[in-house]
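Below is one structure, written out as structure tokens; comments come after it.
Values in this text are rule-based calculations from the coordinates and carry no lab data. Just so it is clear, the model here is predicted, and its values are computed rather than measured.
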Amino acid sequence: VQSVMEPALRKAAAAAGRRSEESRQAGASAAGGSAAGGGSGGVTKASLKGKDPASLVKTTWGVMTQNLSDHGIKFFLRIFAIAPPVLQLFPFKDEVPLEQSPGMKKH
């Protein structure tokens, strides 16, 4: 699971960091100021470097919950791509196409 989650979490965190930075810059521009030197935080690759997997999940969970349905489907599809036999453990295993499976979306 760690090998599946880490790349997805890092990608989501990087995207959130970019959105946060763009938002901060837009706010500073609208206020007539500069975004440089600010410290609004946000999740960045640098802030994730060297963190343990549990910490990564806690740090990026807010990003994941913004679109939990899509991220959940991507997560399961990635697991099934890495370990196809795992799909047989789920009640939606025969629903095709799996990406649009109502059973997987509910799960």
Check your understanding: Which entries in the list LYS58/LYS105; LYS45/LYS93; LYS58/LYS106 go over 26 Å, if you measure between the two C-alpha atoms of each?
Key -> LYS45/LYS93
Check your understanding: Which ³J(HN,Hα) values in Hz, rounded to whole numbers, follow from the phi angles of region 93-107 under the Karplus curve 6.51 cos²θ - 1.76 cosθ + 1.60, where θ = phi - 60° and Gly and Pro get x?
Key -> 4, 9, 7, 10, x, 4, 4, 10, 5, x, x, 6, 4, 5, 5
